Amino acid sequence: MIIFPVLYSNFGKYFIIITPAPPSNKGAPALAIYYSQEVIVTDIMFYRSGNILVIKVAGELDHHSADTARRSMDREIMKIQTKHVVFDFSDLSFMDSSGIGMLMGRYREVKMLGGNSGIILKRSEARDRYGMPALSSMERILDMSGVFKCMTRFDNLETAVAGIGG
C-alpha cells in the first residue's frame, strides 16, 4: 500500500491511498483508490481581563496548525491594551516542536511589549514508582524545551490572572 499526502489543511490531513484490488474480484480494476481523512482540530479562543490576554488552545498544536495559530495570536496580542498573555493549555492534547516555536515567538513578542507570559497546565494525577507526582508528557516536553524558565506555570485561570498581572 502506498500513501501519498495530497493536501494539508488547517482542519485535517487528507491522503489518497492506492492499494492493489483483491484478486477475488474478477473484472475489478487493478488498483483501488480510497480517500481518507484524519481530522485534527485546533480550537483557539481569546479572553481579556484588563490588560491580560488569555489564549485558550484546545486540541492539537502541531506543524499543520501552528502557523494559523501564530497569525491569530499575533493579531490579538497587537490589539490595544494587551500587556500580559496567559496561554491556557489545560485542554491541549498534543504539541510538537512547531507549537513550542510558536509559543516562544509569542513570548518574545510580549516581552518586547514590556509584559509577562504565563502558562496554564493541568497537573498530572499519575505517580511514579516511588509515589512522587509524575510529569505529564506535555509538562515534560515544556520543561525539557526550557519554556518553564521563561514563563510561569499556573494550575488554573484565577491564579494565572492574579499572578501574571501583579
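What follows is calculated from the coordinates using simple rules that are stated; it is not laboratory data. This is a predicted model, so every value here is computed, not measured.
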Based on the Kirkwood radius over alpha-carbon pairs, what is the Stokes-Einstein translational diffusion coefficient of segment 60-146 at 37 °C with 0.692 mPa s viscosity, in µm²/s? 232
Count of lysine pairs, segment 45-144, Cα-Cα under 19 Å, sep. 8 or more residues or interchain, comes to 5
